Structures are given as C-alpha cells and as structure tokens.
Amino acid sequence: MTLTADAPKIDIVAPRRRRVGTAPAFAYLTVAPVLVLMVLIVGIPLLYSLYLSFNSTNPITKKWIFVGFANYSRVFQNADFWAALGRTAYFSVLAVVGTTVLGIIFALVLNQRFFGRGLLRSVVLIPWAMAPVSIGVLWSFIYAGNFGLLNGLLHDLGLGSLATAWFGDGFRALNLVAITQIWNQAPLTALMMLSALQSMPGNLHRAAILDGAGPVRRFFSITLPWLKSSLLFSTIVSTINALMTFDIIWIMTRGGPGAATTTLSWLGYVQSFQFLRFGEGAATLYLLTMLSLALAVLYFFVLSPKKPKPASEIPGKPVATIPRVRPAMVVIPPWNMRPLIHPTTQRNLTRVFFGIGVLAIFVWSFLPVAILIMISLSPPTDLIRTPPSVFPSSLTLENYRMVLMAEGTTSVQAQRVPVALFNSFVIGAIVSLINVALGTFAGYGFARYANRRFFAVSLWALLLTRMVPALTLVLPFFILFRSMGLIDTYLGVIIAYSTILMPLAAWMMKASFENLPASLERAAQIDGCSRWTMFIKVLVPIVRPGIIAAVIFCFLVSWNEFLFAMILTTTMKTQTIPVIIAGFLNQARFYEYGPMFAASVLAILPPIAIAFFFQRYLVQGALSGAVKG
Amino acid sequence: MSSINIAGLNKRYGQTHVLKGLDLSIKNGEFISFLGPSGCGKSTLLFCIAGLEEISDGSIRFDGREISDLGPRERNIALVFQDYALYPHMTVRDNIAFPLRQQKIDAATIAKQVAWAADVLGIQALLDRLPAALSGGQRQRVAVGRAIVRNPSVLLMDEPLSNLDASLRVHMRTEIRRLQKELGITVIFVTHDQEEAMVLSDRIAVMNNGVLQQFAAPMDVYSRPANRFVAGFIGSPQMNFLPGDLCGGAADHVVGVRPHDLKPGNGIANPFTLSGELVLVEPAGPFQFLDIAIGGHIVRATCTDIAGLSPGETITVGASPEALRYFNADTGARVSHSR
C-alpha cells in the first residue's frame, strides 16, 4: 500500500496482525535508549573487568597474560584479603545495626505531631544530603589528634587529660568510621521508615490501645511487623552502602592506622590504583560485588513477607452440617488494671522524654554541621592552637575570600575552588538533564508494561546495577578511557555518572508514572492523540513534579560524587569540588585547612538548600528511585 | 454490661468547639445509635467514650463510676472501627486472642473464648487465615469477634457497615442486632445512615454541629421530630418543607409533610391540599414518586397508580391533618399547630 503525501488518508481495512499480549512498539521505543546505553556503559565495562580479573597485567609493558583463576586464588591466599573481609563484616554489621536502630527511632519521633516537626525533618536530612567528602573532612577534624575539636571540647571542659589521638588506636578508628557512616546513612533509613509509618492506618494503634496493649507492646506487636517489608529494603540498601563505603575512608583514615580500616573496597582500590595490579584488584572487587548480591538475596528470603492466598482460593468449610457442641462463653474476670503511675504524671513524663528525644536528634544531626560552618569562619590559626578549644578566637570571612576571590593566598588548591564549583555545577546540570530525559521515557515503559516479561526482566537488571560497587566500574573505565582519550574530559565524567543516574532516574520516573491512572491514557487516545502526543502533551505535564524531583535528586548525587571524579579527572579543567577538597588533604599544609573548610561549606550549601526548600522532592527521590523494588 | 451517663460533655480542639454540652443517659443493655451528618461530632463523641480522645469538661460515668480520667485500657470497652483495623500480620485467631493476651489470661481460657466467639460469628473456618485473605464481610465479623471476646462492658461501633456493599450491609445489621440481643450487651453504634439507625436501635441520638438534637425511640424520632433538622434527616425521601403562608397557615411557621403522606386526589378526609404542575414521575417499585412544582418549591408526593398522570399536567395532592408537622421558621423547633 502506498500513500502519497497529499492524498487524503483513507482507512484501508487491511488484515492486521493481532497484537494481543504484546506491548506496542512505542513501549519498546521508550525503554530502548536506556537499555542500550546501560549495556554500553555498564555491561561492557563489567565484562571488561571480569576479563581483566582473569589476566595478569603489567602497567609498564602493558602486556596482558591470561592467567585464568590465578588472580582469584591469589586473592584467597592473601591474608590481607581475609583480614579485610573480617573488618568489612564487622564494619557492616555495626553500620547496618546502628543505621537501622537510629533510623527507626528518628522515624518514630518524626511521625509524631509536635512544634517544629517540619524543620526537624529537614535538619535530619542534612547529614545524608551532604557529600561524603565533606562529612569525612568534618569528622576527621572532630577526631583529629592534637588539635581536633573533640580534644578541644575536652580541654574546654577541663578534661584535657582524656584528650587523645582518636584515630591512633586501630580498632577505635574502625568504630569511629562506622559511627560516621551511621551519621551519614541513618536519615535514609529514617525516611523509608517514616513513609511506612505514615501509610499505617491510625486505627491499628487505636485498636491496640483499646485491646490493652501498652506503648512498648504496641511497638513490637503492631509497628515493627508493619515496617517489615520496608525494613527489608532499608537493610539491603544500608548493607550495600556499608560494604561499599569508600569516600569517608579515603578522607578519614586511608585504610589506616596500619591496615585497621582497610575494608574490601579500600583493598580493591589500593591494589588497582596504588599497586596497579589491575587483575588482582578486579578480582577483589568482583568478590565484593558477589558478596553484596548474595547478601541481598539472603535478606530477601529471610525477611520477605509470605504472600497470603487470595480469599477466593480457599474453599470455606461447610458449616453446621454436623450437629456439634456449641462452645460456651467464658466469663472473663473484670480486668482491674491499676496503672503504676497516675495517667497525668505518665503523660507529662512522656512529654518530657519526647522533648529530650527531639532535642537529641536535632543536636546529633545539626551540631556537626554547625561546627563545620563555625570552623570555616574562624581564623586558620585557631585550628592549630595549643591547647585546642572549640571556641573561635574571632570570626572572619578570610577563608571564603581565599577560595572565592583567590586573594591573599599562595595556595594553588584554593585558587581552584571557583572553577571546581563551576565544573560540579555544569556536570551536574548536564548529567541530570540527559538522564532524567531518558529516564522519563523508560519510566513510562516500565510502569505501564511491568507485567510483560521483557520489561520485568530488564527492570530487575537495572536494579541489579545498584548492587555493583562504583569501584568495580571505575577500574575498567580508567583503563578504557585512557586508551580512548576520555580521561579528564567532561564526557568521561558524564558517562561514568550516567551509570549511577540512569537507573536511578528510570526508577524514580517509573514510580511517578505508576501513580497515573491508566484511564488518562485511554482518554487521551480516544480524544485523538497518537501515543507520542499523548506522552508529550498529556503525561509529561502531569508527572512534572516527579521530573523535578528526579532532576534535583540526580543533581545532588552528581554534586556529591567523589570516586569517579577522583580517578577520571586529572586537572582543574574538569575536577569537581569533592576532588578539590580531597586535594587539600594531599597537600597537608596546615594553613590551608581554613580554605579547605570554606570549600567544604560551599560544597554542602546546595545539599542543605535542597534539604530545606525541596525536602519533598528529596524524600520522593529517596523513597522511589533509590530504593523501591 | 454497663449503663452510661454523660453530663455536660464539651470537647474543643483549640478554638473549634466540637461537642457542645452533651447530656445522655444510656441504660444497661440498650442498643443506641448516634446519628448525624458527617462532621456532626458523633465519632468524636464515640472516641471520647472510648478514651481515645480526652474530653475538655463534663463527666462520663459507667455504672455511676467516673471514668473520664481513665485511659482506654482501663475502661473495659471494645470498639469496632470503620476500617476494622485488623492487625494485618496476625491470623484471625491471633487477632481475636490479642486483647485476651494483653490481660494475661491463661492459654486454655483464651482458646475456649476464641472458639466461642468464632462460633457465635460463624468464622470457625477462617481462624488460620490472615486478614488479607478475607472478604469485607468476613473482616467485619472478625472485627466484631475481637471486640466481644473479652466481655466488654460497652461495645462501641464506628460506622462498621459503611464499607460493605448494600445487600451485605442489610444482612450484617440483622446479625449485629441478633448478637446484641443474645449477649445483652450495651452497644453504641455510630452511623450516618438513618435507615440503619431506625432498624437497629432501641433509641437514636440525633446530632448536628456537636449538639444533641433528639434522643428517643426510632418511631418517636420519625413521627415526633424535635425540630426541623431531625424531621429532615430522618425518613427517605426527605420530608417536604413549605412556608406556612403557602398552605394557609401562619407566616412564621414551616409546614412539613412526608412524601408518603401526600397522595393525589382531594379526598373527603383531606382538608389539606396542594395543586401544582407535575414535573417528574420516578418509579420506585411498589410506588411512584411525583415531583410537583408548587409556588417555586418542588414538593414530593407518592402514588401507587400513575395511570392518567403525565408530566406537565396540573395535579392536586392532599394529606390528612395528622400527617402535618409545624416548625418555627426561625428556630426550627417543632411547634403545635396553630391557625
């Protein structure tokens, strides 16, 4: 059949193939770009690094020799590996338990109604929205040996004798890094728990009160079972995040003292990028990937709730066909429960404890940030006072002048800050826009055709990429980009960031489209829209809040990213702000601490602004894109 | 099983006065409905009795004992929620046993009592299912089972039938009434459905805007409404209200007549007649509703035979004088007939 362009369209009743049970081509088109790109930027590098793990490479001669499983057997014979595995296990258990317990407590408090709840919800998010690099800088200075803030506080309190080099002891250092990880991750768990709590019918607790259950009993009998499926996801997420902790270790301890904080991810990094033993490094990182996958599967089977059979499948037993003895009513003795404390006293006590809890959460979340801001406003000489003190001798904008106007400083690193902020901003903007645009299309396809096998399987594949540590990808990227000339280019960084953001954006947009009623699409099609116009003219305007949330969330992730940027950039042409902050530490000149803290504060400003002004979007991102399964 | 005395009960949320000086006295073993439009405060009153809401002032006594200071756990009441509030992760058996377990009752007694409740409600076959595997009506029964299992002194029900479909609702309300008779328990039943309240209750407390309008037996409320609000709220279709002067009465009166009392024809016994244009005929099975335009008002009447009636015609309808109710046009209070 041929149609000339200007001929009137005639409906020709041609025998068309029935499309029962298949998704329209449009659905495949929406997900195609994301899937193709993910294969290119995640699939190929992963295969490459898998291949790498079977080879022995020589960085100088650039010769590759296929060695089979020799790298793996070497890793398994290496005592360092087992030690690192043990440390990783200890660190992860501590971090996951701490994150979960603290997250649940936060959520329980934030779910109550009290004055200033909205503010506290924003404040609680700050530690999680901050760049891990800034977190590392902040907490290293709190624990620092001679001049650290904790020691300063002890001196101020007259307890100078307790001051010590907090990272001096290996085991203590590992615990302190774990606490920092908890500080960073607890808000995410809190968010997930809070959203689960809010979906809980209020009458459930009322019913339990009437049934005579006290607050503790209600928590364990009603609340905790309700949270179970959310706990599954939050535990998987916090476990993966703990296993892959890298940024804060890089900043705080660099695996030391000795090897006390050398976890698997740090070991893989050191093997790959310091000893340049790519094969062995790749093998270690692959083992880490397998570990996180295995744990996710394990959790899933242990924690996932059993699905009840639908009502119709169970035939009801015929009742009353056989004559039977009717059970008799038991007269329950009147229940004389006398409370130990008078109800009014109890109410007042609850109020006091609750107030203390609110205050504690505020201090825990905000005080360290306030301290970071305060240090950035103190003269650099304050930071190396003897004896140390937490009170600044004076307040000054000197540090900011150094990093923003490059005035009165000889520091090369400080002069790089404005460019780095610019780089971070440009890269963040480009990478968020590209990925959210692609993710919007893919999200539609995944949301509407989730029950088709092709879409379900590719969706799971996307989710699995979240369990691949960035470290596993950065090694093949480094080697491939070096040969392609992509090191130290915007394009290289953008490709690397897309490996994280593309699945994220697709997940978030899928959740947005899932909330749209299917009747909307049908209405648009009946009103004469093609699928394309329906998508652009009807659906996209409706999911706009979801798109904004995805852009903000992707920007934040990109802004905070450290590992890819550190490995794949080399000059200030492309270096982002976390890399520059980390660079201050390499220079190790005391008087540069001032500019470093000023740069750290500048780096956390966008996250803080987002936590306060776009809290809703941030929460949406955390709950849908990053987590939902 | 208790009697309940509520006196001078007020409930305020900040500036909002939700319950305004309520006085109610409920006898032991009575079935009472709180009836009113949504937002009238009936559920709030129920929650105040349950102890889930604190009262601002006034008193609530069970069997003469002041309980308004007590927590809900100490009042020995049970509540069936509108959404049933079954614990989703517990089987039916555990749901029903839960209140008994909180009272530290021995396992054998719990098993006996659960068996009794299941038998009374006919849910023996469901005991090992989770709530998600139950239909709406089954969930309803389980919720009632959880409520009666510990012999509460008062059983409170917050619109328990509103989530069921129409036929099941009719069936369940019969069951609830049977159960209440069987157990002899005091029940307070909150509803916005006047038919439900009429069928179930020994007495109905009609509420509006936090004020008790009338507290009387169903037929009293129906035939001797205390005021215009009660007259309009009870009975379906709604009572017709006409300005007094339109019907040859005093101008400061409103005349109310129920559609079922208003029939075509100006028969001998009907000195009260109205004439107007027939606008619409609505068949409702055994009878038809007639919408008649009279002096700018639409008046609804009923007839059993519409032969010879078609819209657009002028029609005369009439009612016996006993069927007429008179209300003060300003206060809405019912007044005796005066010419």
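Bear in mind that the values in this text are calculations on the coordinates, not laboratory data. In this text, all values refer to a predicted model and were calculated from it rather than measured experimentally. Positions of Cβ are generated from backbone atoms using ideal geometry, with glycine treated the same way; all protein chains shown enter the neighbour counts.
Of all DSSP bridge pairs formed entirely within chain B, close to 75 percent run antiparallel. At full extension, A:V363 and A:H342 could sit 4.4 nm farther apart than now, given 0.36 nm per residue minus the alpha carbon distance. Approximating the spin labels as points 7 Å out from Cα along Cα→Cβ, the B:E277-to-B:K112 distance works out to 7.5 nm.
For A:K573, the aspartates and glutamates whose Cα comes closer than 12 Å to its Cα, not counting residues fewer than 8 places off in the same chain, are A:D488.
Taking every residue in B:105-118 and counting other chain Cβ atoms within 10 Å of its Cβ, the average works out to 3.
Sorting the segments B:2-13, B:325-336 by their residues' average number of neighbouring beta-carbon atoms within 10 angstrom, most packed first, yields B:2-13, B:325-336.
Each principal axis of the Cα cloud of the stretch B:4-227 was taken in turn, and the coordinate range along them, longest first, works out to 49, 39, 30 Å. Taking label points 7 Å from Cα along the Cα-to-Cβ direction, B:A307 and A:R616 give a separation of 6.5 nm.
Computed from the C-beta positions of A:A259 and B:D57 and an R0 of 56 Å, the FRET efficiency is 0.20 to the nearest 0.05.
The aspartates and glutamates within cross-link reach of B:K263, meaning a Cα-to-Cα straight distance under 13 Å and a gap of 8 or more places when in the same chain, are B:D291, B:D305. Neighbouring Cβ atoms from other chains, within 10 Å of the Cβ of residues in A:208-219, number 6 on average. Take each residue of peptide B:65-77, count the partner chain Cβ atoms within 10 Å of its Cβ, and average: the result is 4. Under a no-solvent Debye model with one identical scatterer per Cα of the stretch A:412-506, what's log10 I(q)/I(0) at q = 0.22 Å⁻¹? Log10 of I(q)/I(0), two decimals: -1.14. For the stretch A:424-547, a simple Cβ point-charge model (Lys and Arg +1, Asp and Glu -1, everything else neutral) yields a dipole of about 280 debye relative to the Cα centre. For the stretch B:237-335, the Kirkwood hydrodynamic radius comes to 13.7 Å, computed from all pairs of different C-alpha atoms.
Here the scattering of the stretch B:39-92 is modelled by Debye summation over its C-alpha atoms, one equal scatterer each and no solvent; at q = 0.13, 0.19, 0.31 Å⁻¹ the log10 of I(q)/I(0) is -0.40, -0.74, -1.32.
Ranked highest first by average number of other Cβ atoms within 10 Å, how do B:137-148, A:393-404 line up?
Going from most to least packed, we get B:137-148, A:393-404.
Compare B:S167, B:S38, B:S56 in a GNM of chain B, Cα atoms joined below 10 Å, and give the one with the largest fluctuation. Result: B:S167 has the largest fluctuation of those listed. Computed over every Cα-Cα pair of chain A and binned at 20 Å starting from 0, the pair-distance distribution P(r) comes out as 16, 47, 28, 8, 1 percent.
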